[in-house]
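Report on the following structure.
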Amino acid sequence: MAVEAGNDVARGQRVLIFDPLLFGENIPGGEDDLTGFAQMLNTIGERPLGLDAAQVAAIARWLQQDSIHGSGTPGARITPSSLAAAPLRIVTNGPRGQTVAVVSAAIEPELFASIEARHAMASFGDLFTHPPDYHEAPELMCLDLYRDFDFNTLRLLAAPVKIDLSGKDAEPIFW
């Protein structure tokens, strides 16, 4: 995501790159504990997908609140046009991030302008033809989601958020 972030910074946009819970460096106890931690969440009635989607929505609300009240960044200029809370653009990489972002947008569409998913899957049916290991994708192991929803349904719930599941890798413009 460094190329995309660099391109956006070069265009004068604010950028935040983060790993939700159970992604990247944000795994309690480390990568070897991902499966155990995800299963422990399931035993108390929480789903990793739900927690991650809520975390993405909370980050979006926080960023919008920051844009309304101004930034603590030295030298940042606040203009009347910058005081409007603009919906956010999200770029994801892989089916896990894609699913989390689309579910978050389906729950709170007013927070998001668009979602661009890179290396995405077209349908949850892909998980049945090419099943990932639980350790690789605990967020995708949410069986009731498969029964009642697919990306076309989530896309309708997220309207008017523009959702692109065929995102291409960005070409660097900042080097």
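The values are calculated or read from the model by the stated rules, or taken from the named source; none is laboratory data. Keep in mind the model is a prediction, meaning the values are calculated, not measured. Because the Cβ atoms are built from the backbone with ideal geometry, glycine has one as well, and the counts that use them run over all protein chains shown. These accessible areas exclude ligands, DNA and RNA; they are computed on the full protein's heavy atoms, side chains included. Shrake-Rupley method; radii C 1.70, N 1.55, O 1.52, S 1.80 Å.
Suppose R0 equals 41 Å; then what is the FRET efficiency for Q65 and A2 from their Cβ-Cβ distance, rounded to the nearest 0.05?
0.95
Name the residues whose placed amide hydrogens come within less than 5 Å of the amide hydrogen of I115, ignoring near sequence neighbours (fewer than 5 apart) on the same chain.
Those qualifying (amide H under 5 Å, at least 5 residues apart or on another chain) are I90, K162, I163, D164.
When ranked by the protection proxy of mean other Cβ atoms within 10 Å per residue, highest first, what sequence do the peptides 131-141, 46-56 form? Intermediate values should be presented prior to the final figure.
Values: 131-141: 16.6, 46-56: 20.2.
Peptide ranking by packing, descending: 46-56, 131-141.
Round to a whole number: what % of the accessible area of region 108-162 belongs to carbon and sulfur, probe 1.4 Å? Can you show the working numbers first?
Values: 1850 of 3090 Å².
Solvent-exposed carbon and sulfur of region 108-162 make up 60 percent of the total.
What number comes out for the charge environment of D19, summing +1 per Lys or Arg and -1 per Asp or Glu over other residues with Cβ under 14 Å away?
Values: positive: R96; negative: E25, E31, D52, E139.
Neighbourhood net charge equals -3.
Testing the spin-label approximation: label points 7 Å from Cα along Cα→Cβ at A10 and N42. State their distance in nm.
Each label point lies 7 Å from its Cα, and together they span 4.3 nm.
Distance between Cα centroids, region 105-125 to region 13-38: provide it in whole Å.
What the calculation gives is 19 Å, centre to centre.
Assuming 0.36 nm per residue, please report the length gained on full extension of the stretch D19 to K162 beyond their Cα-Cα distance. Provide the component values of the computation, followed by the final result.
On the way: separation 143, 0.36 × 143 = 51.48 nm, distance 2.21 nm.
Going from the current span to full extension adds 49.3 nm.
In nm, give the distance between the simple-model label positions of H119 and T35, each being 7 Å from the Cα along the Cα-to-Cβ direction.
Modelled inter-label distance: 2.1 nm.
Compute the distance in nm between two label points, each set 7 Å from the Cα along the Cα-to-Cβ direction, one at Y146 and one at L127.
According to this spin-label approximation, the distance is 0.7 nm.
Counting pairs of alpha carbon atoms under 8 Å apart in space and at least six apart in sequence, what relative contact order in percent does the chain give? Don't skip to the end; give the middle numbers.
On the way: 220 pairs, mean separation 44.5, N = 175.
Result for the chain is 25 percent.
Please list R118, R14, R61, R147 from largest to smallest accessible area, probe radius 1.4 Å, with all protein chains kept in place.
On the way: R118 15, R14 140, R61 100, R147 165 Å².
Greatest to least solvent exposure: R147, R14, R61, R118.
Go through region 101-110 residue by residue and turn each phi into a ³J(HN,Hα) via Karplus (6.51, -1.76, 1.60, θ = phi - 60°); whole Hz please, and just put x for glycine and proline.
Rounded to whole hertz, the list is 5, 5, 5, 4, 5, 5, 7, 9, x, 5.
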